[in-house]
Structures are given as C-alpha cells and as structure tokens.
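*Asks:* What follows is a single structure, and I will ask about it in a moment.
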Amino acid sequence: MNDLSFFLIDDDEIFQFIMRNTISEISPNIKIQFFSDGEKGIEFLKHNLGTATNLPDIILLDVNMPFMDGWEFLNEYKSLQTEIKKDINIYLLTSSNNPNDIAMAKEISTLSGYLVKPISKEGIKKLIGHFPTDEWYHNDF
Amino acid sequence: MSLLCIGRCSDSNIRFNHIIDFNLLKRLLLKFVKYYLPILILSVLAVFWLYKKEHKKLISLQQEELSDTKQLIVELLKPMIASLYYWEKYNFVASDFDPEQNAHLEKKIGDFVIGMDSYNQFRLIDLSGKEVYRLNRQDDGKIVKSLALQDKANRDYFKETTNLKKNQIYLSPLNLNRENGVLELPYKPMIRGVAPIFDAHGARLGIVVINFSAERFLNLLKKDNLYSFLLLDRFGNYLVSKDGTNEFAHLIPNSRNVTFYEEHPDMADSLRSKESISLYKNGGLWIKTELDFKNELAQTPLFQNRLADIKTNNKWVLIKHLDSKILNARLKSEIITILLINMLAIMVVFCLSYLEAKSDTAKKKYMQALEMINKELEDKTTELENKNNTLAVMQNKLELRNAQLLEYNNIVAHNLRAPTTSVSALVSMLNESKDYEEAKSYFPKLQKITHAINTLVDDLLVYVRILNDDDQVDMENIDLEPLIEATLDLYVETLDKETIDVKTDFSAWKELTFSKIYLQSIMQNLISNAIKYRDPNNKSVIFIRTLWENHRKVLVVEDNGVGVDLDRYGRDIFKLYKRFHRGLSGKGMGLFLVKTQLESLNANIEVTSKLGVGTTFKIIFDSYE
C-alpha cells in the first residue's frame, strides 16, 4: 500500500492541497500527481503509455471540470486502454448523488467505483487504506 | 329565446316579439297571396270560359231556332206555291176571264179555297188589270163570291207580274191588304202569290192571284219565342216585333216610319255583312239570319226540277235579341258557385297560410335561439381557449421556474458543498497543525475558499434577483440601434486597437419592447464574448443584425472567432461556471446570465458554432413582440 501511485484529476486546488497534505501524513512513500482537468490527465497518459513506472495504480477522477470533464476522460481512456501497460483502477469523484449518475457510472466497465464528494480528511485516510479494491467501491455519504 | 333572456334582457325581448308579430303578418300575407292568386286566376278564367261556352251554346241554339223558324216559313209557303202552280196548269180558257161566263168556276175554286184556310182571296185578273173573278174569305170563314170587281192595274203586284213568263210564280212582299185602294182594317198582313195564265195555244189570258194571310204564321212566330224576335224585310222595315211596335210602319200612313237600321245605325253594317251573324252590343246579344225566298224555295222539288221558276224580291231578316239581363241571369248560378268556391278557398288558404307562417316563424325563432346558443358556446369556447392559453403560458413559466430552481439547487449543492467541505477539512488540518508556521500556511487557502464562497454567493444573488424580478422588470420600448452603439462604446478601445470590424443591419426591425437593463447586460455579454474569443489569426468581424422568423423578432450576434465544439460542450454552454477555452480568462457566468435573463422574459437563445469558423447567437423574442 505504501508504494501506491495516485493521480488526482480535479480542478479544485483546495481539494488537491488537502489530498496532498493528507497523503503525506499517511505515508511519504505514496506518490500523488495532480491534473487540473481531464484533458491534462489524458495528455499525460498518452505520452506515457509504455512507461509503466510513470503510470498510476489509481486514478481519482473528478466529474465536473472545465475543458474536459470526467465522462469525456473516461471515453478517451477507453480508446487508450489496450495500449496502457498497467492495470489502473479508476474511481470517479462526484459531487452528484443523483441516482441516474450513479447508474451511469456503474455501466462503465473501466470504473472500479465512485466516491461522493465532499470527502473529509478522515474519509481520505480511510479510502487510501482500502485501495485498491477488487469489488465495486463506493464510500458512505 | 325567452329561456335565454331571463331577467336582464327582457326589454329587448319585448321589442323583439313585436318585430316577430310584424314579420308573422308579413309572411302570412305573402303566403296568402302566393296560394290564393292562382285560385283567383283560375276562377276568373273559369268564369270567362263558362261565359264563352254558355254564349256559344246560346248562339248556336238561337241560330238553330232561327233556322227552324226559317224552315217553318218555307214550309208554310210551299203549299201556296204548289197551289199557284196548280192553277197555272188548270187549263183556263179565254171565256174564264169573262165575268159573264165564268160562273162555272165557282164550284171548283170554292172547294179549293175552303180547304185552304189561310187563303183569303182568290182572284183572276185580266190583262188590263181588271178583276174578272174574285172569292173572298169573310172574317167568319165563309167563302163568298164578290161581285164588286176592282181595277188593280195600278197595284204593284199587277205591274210586277205583267211580264211573268209561263211557269213563273211571283211572291209579293208581305204587306197589308187594301180594298179599293184603302188599307183594310183591322190590318191584314198578307203575301200575294201570282201566276200567269195562258190558254192552250200559249196566248196570255191574265193572272191568278191568291192572297195568303200571314196573320197566323206571324202570330206563330211571335208566340213561341222566349226572347225578343224581330222580322224585317230587306230594307229593315219591321214585319214582326216583340210588342208589335213599328210593325208595318212603312205601310201605315201617319205612323212613325223608322227602319231597324235607322234605329240601330251602329249595328247596321255588321248585321248586314253576313247572312248569319251574332254580335254583342251593350251587353246584349244579337243573332241574325236572312231568309232569301228565292234561295230557300229553290230547295222545293218544283223549282229543283225546273218545272217552275220563282220571281220575288222577298228577303227577310230574322233577328233575336237577348239583353244583358237575360244573358247574365243564365250565368248567375255558375258565378255564384265559383264565388262560393272562392270564399271557401280563401278561408282554407288563409288557415293554411297562417299555420305555415306560424311554423316558419317558430322555425326562425328556433334557428335564432340556436344561433344564440351557438354564439354563446363559441364565446365560451373562446374563453376556454383563452384560459387554456393562459394556463399553457403559466405552465411554461412554471416549468421554466422549476428548471431554474433545479439549476439553483444544483449550483448550491455542487458549488457550495465543495468549498464548505474544504473549509472543514482545512479547519481540522489547522487544529492538528504542529506549529504556527504550519497553521499560517493554511490561511491563504482559507482566504481563497472564502473568496470563492463570496463570489458564489454574489453570483447566486444576481441569479436569484433575476428569478424574483421577472414580474417587476420594467418593460419599455427600446430603440435598438442607440442601445447597441452605447454597448459597443464600452469596448471602443479594444475594438480600435484590435481593429475588429463591427457590422450592423437593423433593416428587419429597429424597436422592441423589453427590459432595457437586461438587453444592455445581454448585449454586453455577447459582444464581450465575441471580442474575447476572437481568432487572432483572422481579421475579426462581429455582425449584429435583426430579422423575422415565424413572426418573431430575432436578434443575431455573429462572430468569426475561435468557436466552440458544441458536440463536446453543447449541453453546458449556458451553464454556470463552465469554461471551454484554456488560457482565456472567464468566470463562466456570462452566458448563464444571458440565458436566465432572456428566459425570465419569455425570450430564448440559441447557439450555433464551429471550431475555427465562429459562433452565432440567436435571440428569439416572444411572439407578442
């Protein structure tokens, strides 16, 4: 667990700050990389398709972002998936508790679960302790 | 009608009834005339027809009667002719014309005259005009041989007959008997028949004269006539008249000698024009036929076989006169019948017309009532439609309001939850901070969040104000051109510096009723967007124009800027805090406000855009505009 590599794709700087802070508290070995929107995330993946060391174990993907939102990112990711040399678990971060959105999320095979925002510091700690999961994950809210 | 007019419209109802009564009367009269007129015409025609028919019948009947009378006269004359013929053939000898020697004739002639009671005299007259033999029938019927023989040499009938040839028989005009040159009293109307006498050697001896008393047959003619009968001679002298006036006036001295033709000069020509004729005069009917002795007697066998010949000037005129009183009396019963039928017809037609007019009026009333009900229904329908429309408008508004509230909800839920959670996360981090330095590092973050929250709350306030204000926004008549000029002036520096070309075309419409403040804000947002997202590689053009679409005013703001990929961002373009252009500052509030302001005043906005080509915003105003 301590060697896990995270990508956080979210435009919320404060959430990024809190994540960084929280993760460094848990373990200095956990790597986390930030992207402020989906487009930046997918660009990075495209450039590092073959380099497994640069690829994360887990992507926390915000839905609501400028330029490219979470859903679009998932679409793009799907077309790249076969070329990606690593098993990546993607968890959707959503502020929506709309049942339709949740149902839509469950339809997407590349997703491993979703997390309903906001997530408190304790929530983050708890999450990181569980990752990665074999079954569909969703936090309590 | 009355059902619909309870209470408030009773006055007009009364007036209306008067009109209906008048209409009923008018319709009744029209119908009556329509139905009765043919009956009346038929009746008049029937009367005429009957009149004609009756008169025709009458005329032919009277003609027949006249012809019978004619026949009767002929029949009465026939024996006389036969007698004359007989005596002409008697084989008189010269001595028979000597009064001294002709006594032997007494027995023979006496027997003959006795048998012929209409023969008044039998005479033989010699060539010099002296009577040579004479038998008289006395008033008591006795036959007496007259010894007082007279000289008739000056009498017409003698003069007329001196030239009679063998087998010629002469009939004198009907006149009155004279003895010794004086009219015998009482008047004795008579016709003299004359035949010449020749001896066996053909020497002329004299003439035989038989006086035929016309008294009896004249009485006969007068007697059986229902209507006034006239017998005239060829000159129009009266031989027979109904009451005896003027009879033989031409023969009687000191009497008023007027002929029929002198008395009726207006009919003379017509009556004389034909042998048989009928004509109407002063409502009376005159029927005339002629009796020409020569023609009529020509039918007798004696003349037919040319055994004898007749010489006579007698041409009588038989006239019947039916005066108007008698004529009309005959038609009276028929006319009364027709009148009665007409009266009955009038009654029936009147009743029928009344019933029909009444039913028509009822029908009309019914139709009017129906029309009124229909109209009311139509009014109700229109009212209902209006209410429906109002409801539809309200429903639209409610749906819009619902969508707006949902939007508001989303904004609050998504955009407010994140910073508040972040604040609580930061606060807990602050609590756990080991030293002041670490705590201090959290403050800028907190400040950033509170700033974000403030901005959000401010924006929300703007949004909520628009939602709440939509009923109180001042709508005014806006002159579009100066408003847009003023908006463009705000960006005049940028426009000049970047040489952005702004074109306008307001030819379709120039004015509209809208909120001035909203329209200013909308135009500012759209123009600033067009400037902000211009394509630096192209000469920028902003084209603002008005046009009509489906009877609605449309305002178009078109640019040739960088454009937006609507396939990617279409559903989000008018949403709050959505940004699509990296590197270009933007809060994501402008188009959201534009849409909200337009929708709050029933207008709408549509966008078409293509990356690298440009963006077109189309504002569609409400159709009342």
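The values are calculated or read from the model by the stated rules, or taken from the named source; none is laboratory data. Please read these numbers as outputs of a predicted model, since none were measured by experiment. Cβ coordinates were reconstructed from backbone atoms using ideal geometry, including for glycine residues, and neighbour counts include every protein chain displayed.
*Asks:* When region B:437-452 is examined, which residues are found to be facing another protein chain (nearest Cβ under 10 Å) and of a type in the set (Val, Ile, Thr)?
*Replies:* Selection gives B:Ile449 alone.
*Asks:* Every residue in region B:34-51 that is among the aromatic types (Phe, Trp, Tyr) and under 12 Å from B:Ala345 (Cβ atoms), please.
*Replies:* Scanning region B:34-51 gives B:Tyr35, B:Tyr36.
*Asks:* Considering every residue within region B:89-108, establish whether at least one is within 30 Å of B:Arg216 (Cα to Cα), in contact with a Lys or Arg (Cβ under 7 Å, 6 or more places away or on another chain) and either at pLDDT below 90 or assigned by TED's automatic domain parsing to the domain that holds B:Leu230 (or both).
*Replies:* yes
*Asks:* Taking region B:127-142, which residues are surrounded by 18 or more Cβ atoms within 10 Å (Cβ to Cβ) and of a type in the set (A, V, I, L, M)?
*Replies:* B:Val132, B:Leu135 - these are the residues of region B:127-142 that are surrounded by 18 or more Cβ atoms within 10 Å (Cβ to Cβ) and of a type in the set (A, V, I, L, M).
*Asks:* Something else now. Among the acidic types (Asp, Glu) and surrounded by fewer than 21 Cβ atoms within 10 Å (Cβ to Cβ) - does that describe any residue in region A:62-70?
*Replies:* No, region A:62-70 has no match at all.
*Asks:* Of the residues B:Arg552, B:Arg545, B:Arg568, B:Arg579, only one is among the basic types (Lys, Arg) and within 60 Å of the chain's Cα centre (by Cα); which?
*Replies:* B:Arg552 is the lone residue from the list that is among the basic types (Lys, Arg) and within 60 Å of the chain's Cα centre (by Cα).
*Asks:* Residue check: is A:Ile14 in contact with an Asp or Glu (Cβ under 7 Å, 6 or more places away or on another chain), β-branched (Val, Ile, Thr), within 14 Å of chain B (Cβ to nearest Cβ) and outside any loop (DSSP other than H, G, I, E, B)?
*Replies:* no
*Asks:* Can I ask one more? Could you figure out which of (1) buried (at least 18 other Cβ atoms within 10 Å of the Cβ); (2) in contact (Cβ under 8 Å) with a residue 24 or more places away in the chain isn't true of A:Ala105?
*Replies:* (2)
*Asks:* Additional query: Just to check your reading of the model, which residue among B:Asn396, B:Asn409 is out of contact with any strand residue (DSSP E or B) (no Cβ under 9 Å at 6 or more places or on another chain), loosely packed, with under 11 Cβ neighbours inside 10 Å and not acidic (Asp, Glu)?
*Replies:* B:Asn409
*Asks:* Let me ask something else. So B:Lys364 clears everything in (1) within 27 Å of the chain's Cα centre (by Cα); (2) exposed (fewer than 10 other Cβ atoms within 10 Å of the Cβ) except one condition, right? Which one?
*Replies:* (2)
*Asks:* Which one is farthest from the other protein chains (Cβ to nearest Cβ) among residues in region B:418-436 that are among the hydrophobic types (A, V, I, L, M, F, W, C) and surrounded by 14 or more Cβ atoms within 10 Å (Cβ to Cβ)?
*Replies:* That would be B:Leu430.
*Asks:* For region A:57-81, name all the residues that are polar (S, T, N, Q) and at pLDDT 85 or above.
*Replies:* Selection gives A:Asn75, A:Ser79.
*Asks:* While we're here: With the structure loaded, tell me whether B:Leu406 is touching a Phe, Trp or Tyr at 6+ places or on another chain (Cβ under 6 Å) and either among the hydrophobic types (A, V, I, L, M, F, W, C) or at pLDDT 90 or above (or both) or whether it fails that test.
*Replies:* Judged against the criteria, B:Leu406 is not a match.
*Asks:* Looking at region B:474-493, can you tell me whether even one residue there is more than 30 Å from B:Val541 (Cβ to Cβ) and out of contact with any strand residue (DSSP E or B) (no Cβ under 8 Å at 6 or more places or on another chain)?
*Replies:* no
*Asks:* Scan A:Gly41, A:Gly50 and give me the residue that is at pLDDT 90 or above, out of contact with any His (no Cβ under 7 Å at 6 or more places or on another chain), more than 10 Å from chain B (Cβ to nearest Cβ) and farther than 22 Å from B:Thr420 by Cα.
*Replies:* Of the residues listed, the single one that is at pLDDT 90 or above, out of contact with any His (no Cβ under 7 Å at 6 or more places or on another chain), more than 10 Å from chain B (Cβ to nearest Cβ) and farther than 22 Å from B:Thr420 by Cα is A:Gly41.
*Asks:* Still on this model: Here is a list: B:Arg579, B:Arg545, B:Arg534, B:Arg552. Which entry is closer than 30 Å to B:Val457 by Cβ and of a type in the set (D, E, K, R)?
*Replies:* None of the other options fit; the residue is B:Arg579.
*Asks:* Could I ask something else about it? Just to verify a result, which residue in region B:555-592, among those that are among the aliphatic types (A, V, I, L, M) and under 20 Å from B:Lys610 (Cβ atoms), is modelled with the lowest pLDDT?
*Replies:* B:Leu584
*Asks:* Would it be correct to say that B:Arg123 is touching a residue at least 60 places away in the same chain (Cβ under 8 Å) and either among the charged types (D, E, K, R) or not assigned by TED's automatic domain parsing to the domain that holds B:Ala200 (or both)?
*Replies:* For B:Arg123, the condition - touching a residue at least 60 places away in the same chain (Cβ under 8 Å) and either among the charged types (D, E, K, R) or not assigned by TED's automatic domain parsing to the domain that holds B:Ala200 (or both) - is met.
*Asks:* Can you list residue pairs whose Cβ atoms sit under 8 Å apart, with the first residue in region B:404-419 being in contact (Cβ under 8 Å) with a residue 40 or more places away in the chain and the second being part of a helix (DSSP H, G or I) and of a type in the set (S, T, N, Q)? Count only pairs 6 or more apart in sequence or on different chains.
*Replies:* These pairs meet every condition: B:Gln404/B:Thr596.
*Asks:* May I ask you to verify whether A:Pro66 is more than 13 Å from chain B (Cβ to nearest Cβ) and more than 19 Å from A:Ser112 (Cβ to Cβ)?
*Replies:* Taking the combined requirement at face value, the residue does not satisfy it.
*Asks:* Considering only residues that are of a type outside the set (Lys, Arg), over 27 Å from B:Phe580 (Cβ atoms) and within 17 Å of the chain's Cα centre (by Cα), which ones fall in region A:25-48?
*Replies:* Scanning region A:25-48 gives A:Ile30, A:Ile32.
*Asks:* Now for a separate question. In region B:266-306, which residue that is part of a strand (DSSP E or B) and β-branched (Val, Ile, Thr) is nearest to B:Tyr86 (Cα to Cα)?
*Replies:* Here the answer is B:Thr289.
*Asks:* Which condition does A:Tyr91 not pass, out of (1) modelled with pLDDT under 85; (2) buried (at least 18 other Cβ atoms within 10 Å of the Cβ); (3) more than 14 Å from chain B (Cβ to nearest Cβ), if it passes all the others?
*Replies:* Every listed condition holds for A:Tyr91 apart from (1).
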